[in-house]
Amino acid sequence: MPLAYITHPDCALHETGPGHPENPARLDCIHDRLLAGGLEAVLHHHTAPTASREQLCRVHDPDYVDYIFSHAPDEGFLWLDQDTCMSPHTLAAARHAAGAVVHGVELVVSGRAGSAFCAVRPPGHHAERCKATGFCIFNNIAVGAAHALQACGVRRVAIVDFDAHHGNGTEDIFRDTPEVLLCSTFQHPFYPDTGSETVSDHIANSPLPAGSNGRALRAAVESAWLPALDAFRPDLLMISAGFDGHIEDSMTGLCLTERDFLWVTRRLREVAQHYAQGRVVSVLEGGYALPALGRCVAAHLDALL
C-alpha cells in the first residue's frame with residue numbers, strides 16, 4: 001500500500017518573523033533530504049485541502065475559530081501569545097495543515113493509502129480548544145481524529161505523541177473522550193509544564209527528565225505505551241511526530257537520535273498492523289535543528305514504508 005505525503009505550498013508562506021525557530025525552512029530541509037535520499041520518488045504526493053469551519057469546530061470552540069478567521073492580518077503580525085503569531089498567509093496555512101490530516105484520515109480509512117505523513121505547518125498539538133499557544137493555531141491531529149470518529153466510521157483512535165513538549169492541546173481536547181487513547185513522552189519539567197500529573201484511563205503520559213536518551217524512550221514505550229495500545233486495540237493510529245528531542249536540537253534537553261525515531265515508528269507500525277489494518281496517519285509537530293529534522297523525517301518515513 002502506498003505512503004501518502006500530504007502538504008500544501010501555503011504552509012511554506014506562514015511567516016513568523018526573524019529568528020523564530022518555527023519557520024518555512026523546516027519544510028524545505030525535509031524536502032531536500034527526501035530528494036537526496038531517493039524517498040521523494042516513492043511517495044504518493046497529495047495537495048492538502050482546506051479544513052472547513054465545521055471540521056475545525058469539532059475540536060475548537062466556534063467563537064475561537066471565528067476569532068482566528070476574522071482577525072487574520074492583511075499585513076504585519078498578530079501575536080496570539082508570546083510565541084504564536086499570525087501573518088497574512090497564516091490562516092490559509094493553518095487551514096491546509098488541518099485539512100491535510102483530514103485528507104490523510106480519509107485516504108487510509110478508505111484504503112487508498114496504507115499510511116500518510118502530513119508535512120505541514122503551523123504545527124498543532126499545543127492548540128487547545130479555545131486557545132492558540134506554542135506556535136500552534138489549530139490542533140491538526142485532533143481535527144483529523146475527530147473526523148475519523150464522526151465522519152469515517154472509526155470507533156477507536158490512538159494518538160501517540162513523541163514530541164519533546166507535552167501535547168497539552170490534544171490532551172485538553174480529548175480529556176473526556178474515551179474513544180481516543182493518548183500516549184505521550186515529553187521532557188519534564190519543561191514547557192508547557194503540563195501532563196506529568198495527569199490521571200486517566202485513556203491517557204498514558206511518560207515524562208522524561210532532561211538528558212534522557214533512546215534507552216529511556218524505549219523503556220517508556222515498552223512499559224506504558226504498548227500495554228495501553230494492546231488493551232485499547234485502536235482502529236486507527238495517529239502520530240504527533242515531533243523531532244525536537246533530537247540531541248542536536250537546542251530547543252530541548254533530550255538526547256535522541258534518528259535511530260530512536262526509526263525504532264519507535266517501527267514499533268507503532270507493528271501495533272497498527274496488528275489492530276488497525278496498518279492504518280497510520282502521522283503529522284509533523286516540532287523539530288528545529290534543520291539537518292537533524294530532515295534526517296529524522298526520512299527515518300520516520302522509511303519505517304512507515
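The values are calculated or read from the model by the stated rules, or taken from the named source; none is laboratory data. Source: prediction; values computed, not measured. FYI the Cβ positions are ideal-geometry reconstructions off the backbone, even for glycines, and counts take in every protein chain you see.
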Has the stretch 157-179 got at least one residue that is basic (Lys, Arg) and within 22 Å of ARG53 (Cβ to Cβ)?
-> no
Kindly indicate whether any position in the stretch 178-192 is farther than 22 Å from PHE232 by Cα, modelled with pLDDT of 95 or more, within 13 Å of the chain's Cα centre (by Cα) and not aliphatic (A, V, I, L, M).
-> no
How many of the residues making up the stretch 160-171 are over 22 Å from GLY214 (Cβ atoms) and in contact (Cβ under 8 Å) with a residue 40 or more places away in the chain?
-> 3
Quick check, is HIS8 under 18 Å from ASN139 (Cα atoms) and buried (at least 18 other Cβ atoms within 10 Å of the Cβ)?
-> yes
Return yes or no: is PHE135 aromatic (Phe, Trp, Tyr) and under 22 Å from ALA4 (Cα atoms)?
-> no
Of the residues ARG295, ARG269, which single one is out of contact with any Cys (no Cβ under 6 Å at 6 or more places or on another chain), of a type in the set (Lys, Arg) and closer than 16 Å to CYS183 by Cβ?
-> ARG269
All conditions in (1) assigned to a helix (DSSP H, G or I); (2) surrounded by fewer than 17 Cβ atoms within 10 Å (Cβ to Cβ) are true of GLU197 except (1)
Considering only residues that are of a type in the set (Asp, Glu) and out of contact with any helix residue (DSSP H, G or I) (no Cβ under 7 Å at 6 or more places or on another chain), look in the stretch 148-195 and name the one that is farthest from GLU128 (Cα to Cα).
-> ASP163
For residues that are assigned to a helix (DSSP H, G or I) and either touching a residue at least 12 places away in the same chain (Cβ under 8 Å) or in contact with a strand residue (DSSP E or B) (Cβ under 8 Å, 6 or more places away or on another chain) (or both), tally how many sit in the stretch 142-159.
-> 9
Can you name every residue in the stretch 29-44 that is without any contact (Cβ under 8 Å) to a residue 60 or more places away in the chain, at negative phi and surrounded by fewer than 14 Cβ atoms within 10 Å (Cβ to Cβ)?
-> LEU35, ALA36, ALA41
Counted residues in the stretch 227-248 being more than 19 Å from ARG295 (Cα to Cα) and either part of a loop (DSSP other than H, G, I, E, B) or over 19 Å from the mean Cα position of the chain (by Cα) (or both) come to 8
With the stretch 1-118 as the region, which helices (runs of 4 or more DSSP H) entirely inside it contain at least 2 residues that are of a type in the set (A, V, I, L, M) and farther than 27 Å from ILE173 by Cβ?
-> 25-37
The listed residue being at positive phi, in contact (Cβ under 8 Å) with a residue 40 or more places away in the chain and not aliphatic (A, V, I, L, M), out of GLY253, GLY245, GLY211 | GLY211
Could you list, in sequence order, all residues of the stretch 210-220 that are surrounded by fewer than 21 Cβ atoms within 10 Å (Cβ to Cβ) and part of a helix (DSSP H, G or I)?
-> GLY214, ARG215, ALA216, ARG218, ALA219
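Quick grid of which residues meet (1) crowded, with 24+ Cβ neighbours inside 10 Å; (2) in contact with a helix residue (DSSP H, G or I) (Cβ under 8 Å, 6 or more places away or on another chain); (3) polar (S, T, N, Q):
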site	(1), (2), (3)
ARG267	no, yes, no
GLN273	no, no, yes
SER282	yes, yes, yes
GLY286	yes, no, no
ALA289	no, no, no
ALA298	no, yes, no
LEU301	yes, yes, no
LEU305	no, yes, no
Could you check PHE138 against (1) buried (at least 24 other Cβ atoms within 10 Å of the Cβ); (2) in a loop (DSSP other than H, G, I, E, B); (3) in contact with a strand residue (DSSP E or B) (Cβ under 7 Å, 6 or more places away or on another chain) and say which number it fails?
-> (3)
